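FYI, it's all coordinate maths here, none of it is from the lab. Note that the coordinates shown come from a computational prediction; the quantities given were computed from them, not determined experimentally. Here the Cβ positions follow ideal geometry from the backbone for every residue, glycine too, while neighbour counts run over all protein chains shown.
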Amino acid sequence: MKIKNNLKEIIVETGIKMLAEGLTVGTWGNFSVRDPETGLIYITPSGMAYNSLQTEDVVVLDKDANLADGKRIPSIEHPMHLALYAARADVNAVVHTHPIYSTVLGVNGMELPAISEDFAQIVGYKMSCSKYALPGTKELGQNVVKGLGKENGVLLPNHGTVVVGANMPAALTICHVVEKSAQTYILAKSIGTPNIIPDADIKAMQDYVQNEYGQKGA
Ligand SMILES: [Zn+2]
């Protein structure tokens, strides 16, 4: 199957962006994109610094985790990425990181409800906290798929977050909105009782973004 260098470049550029934007530190986290044409998954290698990543370090897997291209060992969390792509046809990018405020909620086993418009529009009704499983296991993948449901983000207990998007720019935007929302929620909870956006309003906002938002016909 055709291996695409531009998709490897997206992985390299995402690593640099995530370090620059404070979404990860060191070699923590992992991310991938799926080529909708071939179904191949382009994922970060295990334990390599993002600022020295080259396109030849990117690992390409098929949906059953067979190596399609690359010389590195794929991220330990590749079973989770494969499980998410198998479960969600609308998803072509997966990002897993350990941002501080989102992780705090996961440490407490709490969920993150929709408390702001941007969250309601692009993340969903809420981010659940998935059931615990050890990193790198198939069980973790199953728990994450279940916890994610139809939304675009899920909290991992005592670990971090997983977000999904139609493409990598969308997934990175969701990453930022999730972490900002987690920070806002924790601060709001510390001085009072946060108001949660009602489900009907969330649905209306999501419909609006899908159907009306932006420069129509442009
Ligand atoms: Zn992790």
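A few comments on the model shown:
- Evaluated at q = 0.15, 0.16, 0.17 Å⁻¹: base-10 log I(q)/I(0), Debye formula over Cα of segment 23-177: -0.72, -0.83, -0.94
- When the Cα positions of Met80, Gly22, Gly149 are compared along the charge dipole of the chain, Met80 comes out farthest toward the positive end, with charges on each C-beta of Lys, Arg, Asp and Glu.
- Nearest-20 debye value, the chain charge dipole, Cβ charges on Lys, Arg, Asp, Glu: 300 debye
- Nearest 10 degrees, 0 to 90: helix 5-20 Cα axis against the chain principal axis: 50 degrees
- Placing a label point 7 Å from the Cα of Glu21 along the Cα-to-Cβ direction, the residues of segment 123-156 whose backbone N falls under 17 Å of that point are 123-124, 152-154.
- The chain: relative contact order in percent, alpha carbon pairs under 8 Å with at least 6 residues between: 19 percent
- Charge dipole (the chain, unit charges on Cβ, about Cα centre) - positive-most of Gly70, Val33, Tyr132: Tyr132
- Global geometry of segment 115-218, whether rounded, prolate or oblate, following the gyration tensor of its Cα atoms and the 1.5 cut on a/c: oblate
- At R0 = 35 Å, FRET efficiency that the Cβ-Cβ distance of Asp90 and Met48 yields, to 0.05: 0.75
- Loop-located trypsin sites (Lys or Arg not before Pro) in segment 68-137 (DSSP state not H, G, I, E or B) with no more than 15 neighbouring Cβ atoms inside 10 Å: Lys71, Lys131.
- Using alpha-carbon coordinates, inclination of helix 168-191 to the longest axis of the chain, degrees: 40 degrees
- 3J(HN,Hα) along segment 75-91, derived from phi through the Karplus expression 6.51 cos²θ - 1.76 cosθ + 1.60 where θ = phi - 60°, amounts to 3, 4, 8, 4, x, 5, 4, 4, 5, 5, 5, 5, 7, 10, 5, 7, 9 Hz, with x in place of Gly and Pro.
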